[in-house]
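S.K.: Pasting a structure below so you can have a look.
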Amino acid sequence: MQGARSFREPFRGGARRIEWTMTTETARAIDELLVVRCQAGESEAFTLLVRRWQRRLWQYARRLTGYPEAAWDVTQETWLVVLRRIRSLNDPAWFAAWAHRIVRNKCADRGRKIERRRRLVSRVVQRPCESADAASDSRSESLAAALRRLARNQREILLLKYGHDLTIVELSFVLGVPAGTVKSRLHHAREELRRALQGERS
């Protein structure tokens, strides 16, 4: 699976890692070109950008919301923001980080709205509003199981780094923390993931 490969890649060396880097750089160059064309008003370029990023942004939103349908709503809202504001993006190379930050903000907005509704319902019926837990998949692979054992912020930073190929600087922008904090969180998240994987295999 691509996700599993992405998480394992940092612990490997040699030609495969170089090939992966070259592929990532090529993809970034394509994205930059599409962003420039979008800023020039080419609708076809925007369609191609959506095709390239739709699933990745949805996967990130699903990780944050926990629900596929909610993730689709967030993703659609994100593309509306991108469409309206893409001309304000000064550096096309920052599209990935910019788009992920929009998703993150939309998920945060959604969470606040849901919490306000729950408080309102709780006042009306005078009892706590129970939230449904997402069903766990007992047949998930060991990597997915290990990731679920991590703290939410650890899962998020690993997903952004190795699942979406964001750089340290881009992660700093998306998460709103200094680069040094990003490096520290990545280090601890990798260590926790390694321990969790060892626990799954034992």
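S.K.: Which condition breaks for residue 53 when tested against (1) out of contact with any Ser or Thr (no Cβ under 8 Å at 6 or more places or on another chain); (2) part of a helix (DSSP H, G or I); (3) of a type outside the set (Val, Ile, Thr); (4) surrounded by fewer than 16 Cβ atoms within 10 Å (Cβ to Cβ)?
M.R.: Answer for residue 53: the failing condition is (4).
S.K.: Could you tell me whether region 4-17 includes any residue that is closer than 22 Å to residue 94 by Cα, at pLDDT 50 or above, of a type in the set (S, T, N, Q) and surrounded by 13 or more Cβ atoms within 10 Å (Cβ to Cβ)?
M.R.: Of region 4-17, the ones closer than 22 Å to residue 94 by Cα are 6.
Applying the additional criterion that residues be at pLDDT 50 or above yields none.
Looking through region 4-17, none of the residues is closer than 22 Å to residue 94 by Cα, at pLDDT 50 or above, of a type in the set (S, T, N, Q) and surrounded by 13 or more Cβ atoms within 10 Å (Cβ to Cβ).
S.K.: Are any residues in region 76-88 buried (at least 16 other Cβ atoms within 10 Å of the Cβ) and within 9 Å of residue 38 (Cβ to Cβ), and if so, which ones?
M.R.: 82, 86
S.K.: Please identify the pairs in which a residue from region 58-69 that is in contact (Cβ under 8 Å) with a residue 60 or more places away in the chain has its Cβ atom under 6 Å from the Cβ atom of a residue that is surrounded by fewer than 18 Cβ atoms within 10 Å (Cβ to Cβ), counting only partners at least 6 apart or on another chain.
M.R.: 66/134
The values are calculated or read from the model by the stated rules, or taken from the named source; none is laboratory data. Not measured: the values here are computed from a predicted model. Cβ atoms come from the backbone with ideal geometry, glycine included; neighbour counts cover every protein chain shown.
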